[in-house]
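The values are calculated or read from the model by the stated rules, or taken from the named source; none is laboratory data. Computed from a prediction, not measured in an experiment: that's the story for all the values here. Here Cβ is always computed from backbone atoms with ideal geometry, including for glycine, and neighbour counts include all displayed protein chains. With ligands, DNA and RNA removed, areas are computed over all heavy atoms of the protein, side chains included. Shrake-Rupley method; radii C 1.70, N 1.55, O 1.52, S 1.80 Å.
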Amino acid sequence: MHSFKVKTKSRFDFVKITHKVKKIVEQEKIEEGVITVFVPHTTAAVTINEGADPDVVVDIKKELDKVIPLRDNYSHMEGNSAAHIKSSLIGASEQIIVENSALVLGTWQALFFCEFDGPRTRKVFVKIS
Ligand code: ZN
């Protein structure tokens with residue numbers, strides 16, 4: 001299993017990690033298979049979405065904040081319930097197919113680490129199978 005760190009810069013931050021996963025596939029000389037990208041955090045997530053237009057991430061943030069507001073009389077005393085809920089909605093893992101030594105992604109797709117309670121230094125696990 002492989003891992004790498006991601007430094008996030010704000011409370012809500014989407015960080016592209018496609019190149020880091022690509023590097024692992026290249027280093028390990030993986031020709032085909034499936035890789036699982038897993039985030040071991042309860043207030044972060046991983047997702048695949050458009051990497052070309054940064055406004056897509058702006059809109060995702062705006063709409064997530066609308067559906068799950070920062071303050072809403074939550075029970076969890078730590079004060080970061082919105083981040084926990086967003087983490088569960090988006091999900092802690094993604095799978096990507098590797099074919100001909102390359103990640104199988106659509107033209108506009110990128111892999112994002114999703115921070116909902118930053119800034120922090122986070123960890124990402126990558127397992128090849
Ligand atoms: Zn908490």
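Put a dot 7 Å past the Cα of ALA52, heading toward its Cβ, do the same for ASP72, and the two dots end up 3.3 nm apart. Sorted from longest to shortest, the spans of the Cα atoms of the chain along the three principal axes equal 50, 29, 21 Å.
Each of the peptides 6-12, 109-115, 53-59, 122-128 was scored by the mean count of other Cβ atoms within 10 Å over its residues; in descending order, highest first, they stand as 109-115, 122-128, 6-12, 53-59. For a paramagnetic label modelled on ASN100 (point 7 Å from Cα along Cα→Cβ), amide N atoms under 17 Å away belong, within region 15-33, to 26, 30-33.
If you count Lys pairs in region 2-128 whose Cα atoms are under 12 Å apart, skipping same-chain pairs closer than 8 places in sequence, the total is 6. In the chain, which whole DSSP H runs stretch at least 20 Å along their own axis (Cα) and average -1.0 or higher on the Kyte-Doolittle scale? The qualifying helices: there are none. Given R0 = 41 Å, the distance between the Cβ atoms of GLU28 and ASP59 translates into a calculated FRET efficiency of 0.70. Build a GNM of the chain with springs between Cα atoms under 10 Å apart, and of HIS41, HIS84, HIS76 the one that fluctuates most is HIS76.
Result for the chain in a Gaussian network model with C-alpha springs under 10 Å: among GLY33, GLY106, GLY51, the largest mean-square fluctuation is at GLY106.
Based on protein heavy atoms only, region 1-78 ends up with 66 Å² per residue of surface accessible to a 1.4 Å probe. Using a 1.4 Å probe on the protein chains only, how many percent of the accessible area of the chain belongs to carbon and sulfur? Heavy-atom surface of the chain belonging to carbon and sulfur, 1.4 Å probe: 52 percent.
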